[in-house]
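Please treat every number below as a calculation from the coordinates, not as lab data. Quick caveat: nothing in here was measured; it's all calculated off a predicted structure. Here the Cβ positions follow ideal geometry from the backbone for every residue, glycine too, while neighbour counts run over all protein chains shown.
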Amino acid sequence: MKLRDKQKRVSNDIKQEDKKAVINLIDTPSSALNESNTCSFNIKQEDTKNDSSLLQQDDRFEEGKDYFYRCDICSQRMPNLKSVLQHRKSIHNISRFNHRIIKDVNTEPDMHDPNFYCRSCKVIYKDRDKYRYHLRHVHFMVLKTILKSKSPRSTIVPDPNDPSLHCRACDHTYAQKSSYKKHCQYKHGMTSVKFGTAKSKPDGIVDTYCKICDVRLASKQSYKSHLFVIHKVDWRLNQQKSKDIAPDVDDPNFYCCACERKLANRYSFRTHLKLIHFIYQSAPKETSVEPDTDDPNNNCRACEKNYASKAIYWMHLRLVHHMALPPLKRNVNLGRQPDPNDSHHYCSVCKKSYETREKYRMHCRHVHRMILGHQSISNPNAIIDINHPSLYCAQCEHFYSTKEYFKKHLRRVHSI
């Protein structure tokens, strides 16, 4: 019930509300509430010029909580499920359609249950997506978005010896045993995984977790690229510094003394020297003149020869002069990163434009090793209203034709 005080008027827009209506005021800043000493009313001051900020207050999570209850029709926050059901029945004239599903309305489900068990409905769900869908649509819970880029925090641990090669943490089955075991080792950080044949690890990498970025990479190659591009660390050069031993390129037994590893044949030995130690085929006798790697004319003053491009010139320096040079495409502005949401699809690091957004973001992933979300997300800081009347996704800046497509998009792209 709203009242007006005709005697006292305030310059701001002020609403006077009966004490009974205070129950509906949740998460209102204390600065916006004033208590009057002369009358028994609570006065809430609102800035009517900024209605959007008031709407966004309902989407904030309380400290230490990853969910809250809300009516799916009017988006009003409620303290529990029972309040939502009573509100829907009294205000919107909607009876409890899910009374057969919910066994105990007073018991709150655990959204982090590792077995996806709803203790309120006494039902186990197949995977996390189905369980979260149930919590949103049956229990009217608004759940905090799970960040996929972070390292897995689930209490579910896969069994590396599972004969079905099924990872119960990721709900995925692998075709090969070696792929499954590598997934357990690098994705879930299980260092105790035993492979069928013991293989030496010349790179010394047993875990792909980056403590600085709090990200676990899916493979060793991705981890090495991440170290090189993001942190400017070349694991190959670090390995050579720690050993300080140069392999013998003409070893008759194909034995690498730096890695303490014997290769099967000459081809695999040569390949190992190229990839691990930057050592190529035998070079002619050294001269007193050293080539200049940054020669503008791509001229090798040791061999007195010009080359058509810098790439061919550097290949000559690697093959003939045994010079350890990083790849050219990774040798430019290692400390800078492009803007993956650039509206002109322009890479400020490589000074190159791309025709489509998809090709540009693919360039950011593969060349600059950037960890990006879904390609449709153009405004990642926007707040998504799952009950938007126009079925509009604020992060993707896109309208959807039906509610079914909109909900499917939120579930698949944003895990909502």
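Below are the figures for this structure:
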item	result
For MET141, residues with placed amide H under 5 Å, excluding near neighbours	ARG136
HN-Hα J in Hz across segment 389-405 - Karplus 6.51, -1.76, 1.60, θ = phi - 60°, x for Gly and Pro	x, 9, 6, 10, 9, 5, 6, 8, 6, 8, 9, 10, 6, 10, 5, 5, 5
Extension gain, ALA311 back to GLN221 (0.36 nm per residue minus Cα-Cα distance, nm)	30.1 nm
Phi-based couplings in Hz for segment 80-95 (Karplus 6.51, -1.76, 1.60; Gly and Pro marked x)	7, 5, 4, 5, 5, 5, 5, 5, 4, 6, 7, 8, 9, 6, 10, 7
Nitroxide proxy distance, nm - points 7 Å out along Cα→Cβ at ASP292 and ILE101	7.4
Contour minus Cα-Cα distance for ARG411 and SER75 (0.36 nm per residue)	119.1 nm
Two-site FRET efficiency, ARG357 against VAL123, from Cβ-Cβ distance with R₀ of 30 Å, rounded to 0.05	0.15
Using θ = phi - 60° and Karplus 6.51 cos²θ - 1.76 cosθ + 1.60, couplings along segment 357-364 (whole Hz; Gly, Pro as x)	5, 4, 5, 5, 5, 5, 4, 5
Sites GLN337 and HIS388, calculated FRET efficiency, Cβ-Cβ separation with R0 41 Å, nearest 0.05	0.80
Environment charge at ASN379 (Cβ cut-off 14 Å; Lys +1, Arg +1, Asp -1, Glu -1)	-3
Chymotrypsin sites (Phe, Trp or Tyr not before Pro) restricted to DSSP loop in segment 70-120 with at most 10 other C-beta within 10 Å	PHE97
